[in-house]
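What follows is a single structure, written as C-alpha cells, with notes after it.
The values are calculated or read from the model by the stated rules, or taken from the named source; none is laboratory data. Please read these numbers as outputs of a predicted model, since none were measured by experiment. Here Cβ is always computed from backbone atoms with ideal geometry, including for glycine, and neighbour counts include all displayed protein chains.
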Amino acid sequence: MSAPSPLIDVAELAAALDAATPPALLDVRWALGGPPGAEEYAAGHLPGAHYLDLDRELASPPGAGGRHPLPDTEVLAAALRRAGVRADRPVVVYDAGPATSAARAWWLLRWAGHRDVRVLDGGLAAWTAAGRPLDFTTPQDGGGDFVPEPGALPTVDAAGAAELARTGLLLDARAGERYRGEVEPVDPRAGHIPGAVSAPTTENLAADGRFRPAAELAERFAALGVKDSTEVAVYCGSGVTAAHELLALTVAGHPGAALYPGSWSEWSADPANPAETGA
C-alpha cells in the first residue's frame, strides 16, 4: 500500500474541519521581505487556524547557521502546543498559495517526529477560489501536547552537501538566475555549490498554483537524476524553499531526501567555500 499523500485538497480539508475531531490547522503565511504574515492572518484566515511566525517560531535567529537555522526545540514545542498540536491529532498547514512556507512547517513537524502532517494544496488562494469562508477571530490558545523529537527526517551540513554534490545528487531549489549567479538579492555571494543541479521549485507547480501530479513530478525528478538508489539532498537560500522541493519529492515517491538547513546563506558566508556560476 502506498503512503498517503502529504497534500490535501480544499474539499477534503473542508470535510475534515467539519468532523468531530478536526485537524490542527496552522497558518504559516510568510514572504521574504513581504508584509508580515500576522497582518495577513488578521485580515482573514481559514476557520480555526492558528498563526505561526516562520522567522520567530519555525527558525532560530539568523547567524552563522544561515538566515533560517532550525528552531530551538523548546520554542518550536511552545508554538505547536499553543496551536493545539497533539501527537494523536492530524495537522494541516497552509500559506498564501505556493506552499513555500507551508512546506517548511510540514518538514519541521515531520522532522520533529509528528506522523500525520499535510499541506493544503493551493493554500489560501485555492480555499477562497472554491468559495470557502474566512474567519477573522483568533482561536483560544492551548490544548497541544506534542513533544518534538528532532531527527526523524535527514539533514546534512555544509560538508555533507559538498560530498553529496560529488557522490550523490545535490539539488538547488532556488530560481535559475540565482543558481547561475546572474543575481543575488540576499546572500553574501552569487553562484551555487559546485556540482549542484538546478531544480527551481517553481517547476513543481502547475499553472493553477497547485502541485503537479505525482507522475509528472516523478518524471521531472528522474530527468534531474533522482533514482531510488541515489542519495539526494536539497538546498535553497535559507532552508525554506528547499522544503518545498522535499515535499514535491515526497509526492513523487522519493521521501528520503535530506535538507541542508543552512543552505546558500550559510555556504556563501564562509569565504573558504567555493562558488560556481553559470549553468
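Here are a few things to note about the model shown:
- Which listed residue is outside any strand (DSSP E or B), without any contact (Cβ under 8 Å) to a residue 60 or more places away in the chain, within 18 Å of the chain's Cα centre (by Cα) and crowded, with 23+ Cβ neighbours inside 10 Å, from LEU109, LEU124: LEU109
- With respect to the conditions (1) within 22 Å of VAL117 (Cα to Cα); (2) among the aliphatic types (A, V, I, L, M); (3) touching a Phe, Trp or Tyr at 6+ places or on another chain (Cβ under 6 Å), ALA161 lacks only one, and its number is (1).
- Checking each residue in segment 171-201 for being closer than 20 Å to GLY253 by Cα and without any contact (Cβ under 8 Å) to a residue 40 or more places away in the chain picks out VAL197, PRO200.
Yes or no, residue by residue, for (1) modelled with pLDDT of 95 or more; (2) under 25 Å from ALA78 (Cβ atoms); (3) crowded, with 16+ Cβ neighbours inside 10 Å; (4) under 17 Å from the mean Cα position of the chain (by Cα):
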residue	(1), (2), (3), (4)
LEU7	yes, no, yes, yes
LEU13	yes, no, yes, no
THR21	no, yes, no, no
ASP27	yes, yes, yes, yes
GLY33	no, no, no, no
PRO36	no, yes, no, no
GLU39	no, yes, no, no
LEU46	yes, yes, yes, no
TYR51	yes, yes, yes, yes
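- The conditions of being under 18 Å from ALA126 (Cα atoms) and outside the structural domain of LEU259 (by TED's automatic domain parsing) are met by VAL93.
- Residues of segment 137-196 satisfying the condition of being assigned to a loop (DSSP other than H, G, I, E, B), closer than 30 Å to ALA49 by Cβ and either among the basic types (Lys, Arg) or touching a Pro at 6+ places or on another chain (Cβ under 8 Å) (or both): ALA173, ARG174, ALA175
- Identification of helices (runs of 4 or more DSSP H) wholly contained in segment 205-279 with 2 or more residues that are within 21 Å of TYR179 (Cβ to Cβ) and more than 14 Å from the chain's Cα centre (by Cα) yields 214-223, 263-267.
- Any hit, segment 153-164, residues being under 18 Å from the mean Cα position of the chain (by Cα), under 29 Å from HIS45 (Cβ atoms) and buried (at least 22 other Cβ atoms within 10 Å of the Cβ): no
- Within segment 70-92, the set of residues being farther than 26 Å from ASP157 by Cβ and buried (at least 23 other Cβ atoms within 10 Å of the Cβ) comprises ALA83, GLY84, VAL85, VAL91, VAL92.
- Exclusive hit being surrounded by 21 or more Cβ atoms within 10 Å (Cβ to Cβ) and either modelled with pLDDT under 95 or farther than 23 Å from ALA102 by Cβ (or both), set SER268, SER229: SER268
- Residue list for segment 214-235, filter: under 21 Å from PRO194 (Cα atoms) and in contact (Cβ under 8 Å) with a residue 60 or more places away in the chain: THR230, GLU231, VAL232, ALA233, VAL234, TYR235
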